[in-house]
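The values are calculated or read from the model by the stated rules, or taken from the named source; none is laboratory data. Just so you know, these numbers come straight off a predicted model, no measurement behind them. Quick reminder, even Gly has a Cβ in these numbers, built from the backbone with ideal geometry, and neighbours come from all protein chains shown. Accessible surface is based on the protein model in full, side chains and every heavy atom, while ligands, DNA and RNA are left aside. Shrake-Rupley method; radii C 1.70, N 1.55, O 1.52, S 1.80 Å.
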Amino acid sequence: MNAIEIEGVTKTFRTTTAVDALDLAVPAGSLCGFLGPNGAGKSTTIRMIMSIIRPDAGRIGVLGGDALESKDRIGYLPEERGVYRKMKVGEFVEYVARLKGARRDDLRDHVRGWLERLELPDVYGKRCQELSKGMQQKVQFLAAVVHEPELLILDEPFSGLDPVSGALLNREIQALRGEGTTIIFSTHVLHQAEQICDRLFLIHHGVKLLDATLEEIRARFDPRTIGCEPLDPDVDLGAVPGVRDVHRAPGSPVAELALEDGVDAQAILRRLLELGPMRSVELRRPTLEEIFVQLVERGEGHAAAERAREELSRT
Amino acid sequence: MSKALLVAWREFKHTALTKSFLLAAVIGPVMMFVAAIVLPVLLQTPPKKLEGSLAVVDPTGEVVVAVRTELDPERIAADRDEKLVGLEAAIAQVPEQFRGPVQDQIDRLRDALVPEVAVESVDDVEAAKARVLAGELIGVALYRPAVLAPTTETNAFELYLPADLSRRHADLIEDRLARAVVRARAQRAELDLEKTRALLRAPTAIRSTVTEEGETRENELARIFVPFGFMMLLWMSSWIGGQYLLTSTIEEKSNRVMEVLLSAVSPMQLMAGKIVGQAAVGLVMLALYGVLGAASADRFGVGHLVPLHKLGYLAVYFFIAYFTIAALMAAVGSAVNELRDAQTFMGPITLVFMIPFFLWFVVSDEPNSSMAVALSFIPPLTPFVMVLRIAGTEAIPFWQIATTSLLGFAMVVGSIWACAKVFRVGVLLYGKPPTPGELVRWIRLS
């Protein structure tokens, strides 16, 4: 069963198409990464899933129903963090929980328990403005999960967190996932997603580039680059069949060999070793960033790929 | 509890149940009320008796005789009694509920202690002034002979008093010394002073207005100021509630709490909850100021002038005024990110809602003039102008109350409809605040 089903969804703001004919299915119980550079359309998609804004065309099904009906079963940590500055932490969390339909009588104890769990003891009665930014972020995370949602949407949950808090949050995310919560994790920091997600969804300029599990991605994007450093710098690496291009950065003894499509990388490794002694030979596993750039290049050409690479490095 | 009510409760709690609100909205008027109760009591405590010697410089020797007569304790007591008889006769003609302030005046007069002042005739003003400074005299009066046959320029005398003399005593001395001049003049002209005074006393008119319900006593206070009080009450409660709505919406936006809220409630639920919550704040203010106003009016003996049976209308027009203002404030608050940006839109809105203050006197003076009737049908002014007209003493045709209420409700529906559209788009929009033209475009969006 799918927690989220998006079919042909389009959303246009004046002249910009933020999301363009998007199809997507998020299986229940998965931890799915929503990836793409800033402005790719991630937040717009999430807002549409949350029924905060409505799509111009297409259909969105959430938890087997309409997004509006399911609002109370969804937890949401928006990218833009916010708390009522003057409100007390406990009151704020309980208020959001009640707005989300939490009916439990022990809500207060439940909130206190969660605050302990997030290593925020003694803040229950403090005003939100008295907390540090990182603490406020944890309070916001709590506000997103306190009503025990079936679907949890986290928009850039780690931005601005110190490594210790980040690890704590990661642990809690994994724990929720263990309890069966479907989690969508949106980020522009692609390697973060690589570490915790089991399914990835890549979006660029409102168009889906990739939608697959991590294993599928690893299998599909097998290494296309070999780095090697021969003892004899003059050996002709380009002569090996299957090598498309040899690139040596100025001053570097390491040569980067680009492989032709469809050739067996292992066979080329063996051939290279036959050429002569090597200081090092290495299959380069592509990072998500590289896969992303590659996908953009395939779809929109070299110039677009360069722009995408820039967008990623900038953010 | 429904979600909108949850929002409303939070809105109310965090506006009305805060220290700053209590300070600003409650303590101010409470203090005023306390002052209104306590000050008259303080003023009523009888002043201490006036005793001492007064020096008179009078070359004619005629005025000083009159001064002695005027400052004779028996004379003073007799004048007081005469005044009391007059006041009591006047008050008897007035219905019970009108008597409050006059009765106070009578009581004060009756309780006042009769002064005992000895009069000395002296020649040297400067020496007498020195004795005033030394505390031996309670004053020196200098009468020049011309005062007995006065022209406009010479109709005056000089009076030198010590710094520590109370105002009330100074007034009393001045009054008696002035009367002494008149007495001396009458003496010289061989007139019977008492008879002449009685002849010259102008009678007071007891005005009544003939209406279908019978004769009513006309009162300037009821005609002009009570409507103003009603309108002020309406304006304050609706406008201040609206202001809170504006700032809390902007706060939610700039704090970015908005998105968390919108993940739980729809923009319509949020807007409805906020408006209802602040309506409760407005009603608290209305009740508070209303009760305080009525109580103060009662305290000052003009309680009967506050037409309590008209409070129902006030509630209807509060509903119209508040919900119109609230919808506008929610829309403006949702469209901008900072209070500063809101000023662009608030300028014109404030101006429109200030118009009733300029119209107050004209409308209250003639509540059934064609202009007043016409103004009642200009939507943003309707509730204020109608309250001005209804709270006055003239009867307003019921068809006008009915049609303006309907018009008002139409205005409420229309402004909530338009502002909800702006709100829905505005709440999630960050960055440059929209221009008025863009707002209109949002309203046109389906």
- Task: Specify the residue that is nearest to B:Tyr289 (Cα to Cα); the eligible residues are those in segment B:1-13 that are surrounded by fewer than 18 Cβ atoms within 10 Å (Cβ to Cβ) and within 10 Å of chain A (Cβ to nearest Cβ).
- Result: B:Lys13
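Listed here are the residues, each with its yes/no results for (1) part of a helix (DSSP H, G or I); (2) under 30 Å from A:Ala219 (Cα atoms).
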{"position": "A:Lys138", "(1), (2)": "yes, no"}
{"position": "A:Gln174", "(1), (2)": "yes, yes"}
{"position": "A:Ser186", "(1), (2)": "no, yes"}
{"position": "A:His191", "(1), (2)": "yes, yes"}
{"position": "A:Glu194", "(1), (2)": "yes, yes"}
{"position": "A:Leu200", "(1), (2)": "no, yes"}
- Going through segment B:362-380 in order, the residues found to be touching a residue at least 12 places away in the same chain (Cβ under 8 Å) and open to solvent by 10 Å² or more (accessible area, probe 1.4 Å) are B:Asp365, B:Asn368, B:Val373, B:Leu375, B:Phe377, B:Pro379, B:Pro380
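Could you list, in sequence order, all residues of segment A:149-163 that are open to solvent by 20 Å² or more (accessible area, probe 1.4 Å) and modelled with pLDDT under 90? Quick ask: steps written out before the conclusion?
So the first thing to find is which residues in segment A:149-163 are open to solvent by 20 Å² or more (accessible area, probe 1.4 Å), and the list is A:150, A:158-163.
Within segment A:149-163, A:Phe158, A:Ser159, A:Gly160, A:Leu161, A:Asp162, A:Pro163 qualify.
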- So how many residues does segment A:245-292 have that are among the polar types (S, T, N, Q) and touching a strand residue (DSSP E or B) at 6+ places or on another chain (Cβ under 8 Å)? 1
- Task: Tally the residues that are at pLDDT 85 or above and outside the structural domain of B:Ala297 (by TED's automatic domain parsing), restricting the search to segment B:211-237.
- Result: 0
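Counting only residues that are open to solvent by less than 30 Å² (accessible area, probe 1.4 Å) and within 12 Å of chain B (Cβ to nearest Cβ), which one in segment A:34-47 is nearest to B:Gly426 (Cα to Cα)?
Narrowing segment A:34-47 to residues open to solvent by less than 30 Å² (accessible area, probe 1.4 Å): A:34-37, A:40-42, A:44-46.
After this cut, where a residue has to be within 12 Å of chain B (Cβ to nearest Cβ) as well, the list is A:44, A:46.
Numbers: A:Thr44: 15, A:Ile46: 18 Å.
My answer is A:Thr44.
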- Can you find a residue in segment B:345-355 that is within 16 Å of B:Ile401 (Cα to Cα) and open to solvent by less than 30 Å² (accessible area, probe 1.4 Å)? no
- Go through (1) open to solvent by less than 10 Å² (accessible area, probe 1.4 Å); (2) within 14 Å of chain B (Cβ to nearest Cβ) and name the single condition A:Arg103 misses. (1)
- Task: Being assigned to a helix (DSSP H, G or I), surrounded by 20 or more Cβ atoms within 10 Å (Cβ to Cβ), within 13 Å of chain A (Cβ to nearest Cβ) and of a type outside the set (S, T, N, Q) is the filter here, so list the residues in segment B:245-273 that pass it.
- Result: B:Ile250, B:Glu252, B:Lys253, B:Met258, B:Glu259, B:Val260, B:Leu261, B:Leu262, B:Pro267, B:Leu270, B:Gly273
- Query: Quick one: is A:Pro55 open to solvent by 10 Å² or more (accessible area, probe 1.4 Å) and in contact with a helix residue (DSSP H, G or I) (Cβ under 7 Å, 6 or more places away or on another chain)?
  - Reply: yes
- Filter segment A:106-137 down to residues that are surrounded by 16 or more Cβ atoms within 10 Å (Cβ to Cβ) and within 14 Å of another protein chain (Cβ to nearest Cβ), then give me how many there are. 6
- Please give the number of the condition A:Glu69 fails out of (1) out of contact with any Lys or Arg (no Cβ under 8 Å at 6 or more places or on another chain); (2) at pLDDT 85 or above; (3) within 14 Å of another protein chain (Cβ to nearest Cβ). (2)
- Task: Could you tell me which residue of segment B:381-400 is nearest to B:His309 (Cα to Cα), considering only residues that are assigned to a helix (DSSP H, G or I) and in contact (Cβ under 8 Å) with a residue 40 or more places away in the chain?
- Result: B:Ile390
- Message: Can you tell me which condition A:Met50 does not meet? The list is (1) modelled with pLDDT of 85 or more; (2) facing chain B (nearest Cβ under 10 Å), and all the others hold.
- Response: (1)
- Item | Selection within segment A:85-97 - within 14 Å of A:Pro149 (Cβ to Cβ) and at the interface with another protein chain (Cβ under 7 Å from one of its Cβ atoms) | A:Val96
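Determine whether segment A:5-24 contains at least one residue that is within 12 Å of another protein chain (Cβ to nearest Cβ), open to solvent by less than 20 Å² (accessible area, probe 1.4 Å) and of a type outside the set (A, V, I, L, M). Full working, then the answer.
Here is the first cut: in segment A:5-24, the residues within 12 Å of another protein chain (Cβ to nearest Cβ) are A:13-14.
Still in the list and also open to solvent by less than 20 Å² (accessible area, probe 1.4 Å): none.
Among the residues of segment A:5-24, not one is within 12 Å of another protein chain (Cβ to nearest Cβ), open to solvent by less than 20 Å² (accessible area, probe 1.4 Å) and of a type outside the set (A, V, I, L, M), which makes the answer no.
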- Got a number for residues in segment A:220-258 being farther than 14 Å from A:Val281 by Cα, open to solvent by less than 50 Å² (accessible area, probe 1.4 Å) and not in a loop (DSSP other than H, G, I, E, B)? 2
- If you go through A:Gly82, A:Gly61, the only one that is within 14 Å of another protein chain (Cβ to nearest Cβ), surrounded by 13 or more Cβ atoms within 10 Å (Cβ to Cβ) and small (Gly, Ala, Ser) is A:Gly82
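Would you be able to say whether some residue in segment A:184-206 is over 18 Å from the mean Cα position of the chain (by Cα) and at positive phi?
Initially, segment A:184-206 is screened for residues over 18 Å from the mean Cα position of the chain (by Cα), giving none.
Checking segment A:184-206: not a single residue is over 18 Å from the mean Cα position of the chain (by Cα) and at positive phi.
Just to check your reading of the model, which residue among B:Lys421, B:Lys432 is within 14 Å of chain A (Cβ to nearest Cβ), of a type outside the set (Asp, Glu) and assigned to a helix (DSSP H, G or I)?
Values: B:Lys432 fails: assigned to a helix (DSSP H, G or I).
Going through B:Lys421, B:Lys432 in turn, the sole match is B:Lys421.
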- Message: Which condition from (1) part of a loop (DSSP other than H, G, I, E, B); (2) modelled with pLDDT of 85 or more; (3) of a type outside the set (Ser, Thr, Tyr) is the one that B:Val67 breaks?
- Response: (1)
